[in-house]
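Undergrad: Have a look at this one.
The values are calculated or read from the model by the stated rules, or taken from the named source; none is laboratory data. Not measured: the values here are computed from a predicted model. Here the Cβ positions follow ideal geometry from the backbone for every residue, glycine too, while neighbour counts run over all protein chains shown.
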Amino acid sequence: MSDDVQTTVFSIIAKEADIDVAKVTLDSTLKDLEIASLDAIQIIFEIEDHFKIQMPDRDPNFDTESVKGLVETVEKLLADKAANPAPPTATPPAA
């Protein structure tokens, strides 16, 4: 597990939920941290924006309810993105 990804996810959760980052652990669930569902959605949006990824929506292969699941999902998506970079966007021809 990447410390950078974990630290960033922890800090996003703490900032968006307005809780001390020390309360956030890999064993926590968003429910344990008393994070309301709207705040959880905002946390996912912030993670997506920060890492430039798209989190799966209701995919049973991904755990987005636990902190560990979020970190693992981000790491998997980043690895997939590195292995399959998006093709460069076409530059329109000069006029």
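Undergrad: Would you check which residues across the stretch 39-83 are outside any helix (DSSP H, G or I) and of a type in the set (A, V, I, L, M, F, W, C) and list them? Even if it seems obvious, please write down each step before you answer.
TA: First pass over the stretch 39-83, keeping only residues outside any helix (DSSP H, G or I): 52-66.
Hits for the stretch 39-83 are Ile53, Met55, Phe62.
Undergrad: Still on this structure, I have one more. Can you name every residue in the stretch 4-29 that is assigned to a helix (DSSP H, G or I), closer than 19 Å to Glu75 by Cβ and not aliphatic (A, V, I, L, M)?
TA: Asp4, Gln6, Thr7, Thr8, Phe10, Ser11
Undergrad: Exactly one condition in (1) at pLDDT below 95; (2) within 23 Å of Ala79 (Cα to Cα); (3) not in a helix (DSSP H, G or I) is false for Asp32; which is it?
TA: It fails just one condition, (2).
Undergrad: Additional query: Taking the stretch 52-68 as the search range and keeping residues that are of a type in the set (S, T, N, Q) and surrounded by 15 or more Cβ atoms within 10 Å (Cβ to Cβ), which one is nearest to Asp3 (Cα to Cα)?
TA: Quick first cut of the stretch 52-68, residues of a type in the set (S, T, N, Q) only: 54, 61, 64, 66.
When the remaining residues are screened for being surrounded by 15 or more Cβ atoms within 10 Å (Cβ to Cβ), the result is 64, 66.
Numbers: Thr64: 18, Ser66: 17 Å.
Ranking the candidates gives Ser66 first.
Undergrad: While we're here: Which of the residues belonging to the stretch 22-51 are touching a Lys or Arg at 6+ places or on another chain (Cβ under 8 Å) and loosely packed, with under 13 Cβ neighbours inside 10 Å?
TA: Asp27, the sole residue that qualifies.
Undergrad: Also, I was wondering about something else. Going through Asp20, Asp57 one at a time, which residue ends up being at pLDDT 95 or above and acidic (Asp, Glu)?
TA: None of the other options fit; the residue is Asp20.
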